[in-house]
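To keep things clear, I will list the structure first and then write my remarks on it.
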Amino acid sequence: MSGVPRRATAADIDAVLALEQSCFSDDPWTRNMLQEELGRAGGVFVALGDEGRPVAFAIGWSVLDELHVLQVAVDPAQRRGGLGRRIMEALEAGAGSAETAWLEVRRDNAAAIGMYEALGYRAVGCRQRYYTDGCDALLLRKTLKG
């Protein structure tokens with residue numbers, strides 16, 4: 001599916017929730033959590049796909065000069081086609097004056113790590129047993145400006 005990444009809307013929540021549940025079945029965000037992100041001050045919530053039917057989304061918080069990437073999801077049937085890269089670029093572009101981006105990714109998620117590294121993220125640490133199943137998280141950082 002093509003399309004231009006855009007700011008997510010309330011019409012996207014059902015599809016975003018379904019993506020969240022299919023991509024993060026162990027510990028998905030709830031509908032209320034996703035809805036809160038639509039209006040959060042400093043929040044960046046972008047979607048890719050038709051309104052009401054996104055196939056990818058990303059959520060971050062722009063705090064001072066940092067972007068904190070909180071959630072990135074691509075429909076499993078649409079992966080490996082560049083949508084993850086496009087949604088991440090849109091998230092970074094929506095972060096305004098952020099100079100640095102940070103995120104955590106499961107140590108065992110080689111595909112996501114590869115994408116983030118291709119986008120310029122570098123591992124700078126590890127959070128032991130970060131996820132509910134005990135998996136470690138790699139802490140990644142990218143310089144956006146400066």
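Where a number appears in this text, it was derived from the coordinates with a stated rule and is not lab data. Values in this document were obtained by computation on a predicted structure and should not be read as measured data. Please note: Cβ atoms are built from the backbone with ideal geometry, for glycine as well, and neighbour counts cover all protein chains shown.
The sum of -39500 (n - 2.57) across all DSSP H runs of n ≥ 4, divided by the residue count of the chain, sets its helix-only mean residue ellipticity at 222 nm to -8000 deg cm²/dmol. Estimated at 0.36 nm per residue, the fully extended path between R53 and S97 surpasses their Cα-Cα distance by 12.9 nm. Expressed as a whole percent, the proportion of Cα-Cα pairs in the chain lying more than 20 Å apart is 45%. Each peptide in 98-107, 56-65 gets a packing score, the mean of other Cβ atoms within 10 Å over its residues, and the list from highest to lowest is 56-65, 98-107.
The share of Cα pairs per 10 Å bin across segment 104-146, counted from zero up to the longest distance, runs 31, 50, 16, 2 percent. With a Förster radius of 22 Å applied to the beta-carbon distance between R40 and D65, the computed FRET efficiency rounds to 0.80. Within the shell defined by Cβ-Cβ distances under 12 Å, the residues around G114 carry a net charge of +2, with Lys and Arg each +1 and Asp and Glu each -1. Ranked by the mean number of other Cβ atoms within 10 Å per residue, highest first, peptides 127-136, 26-35 order as 26-35, 127-136. For an R0 of 41 angstrom, estimate the FRET efficiency from the Cβ-Cβ distance between S25 and K145 and round to the nearest 0.05. Efficiency, from the Cβ-Cβ distance: 0.70.
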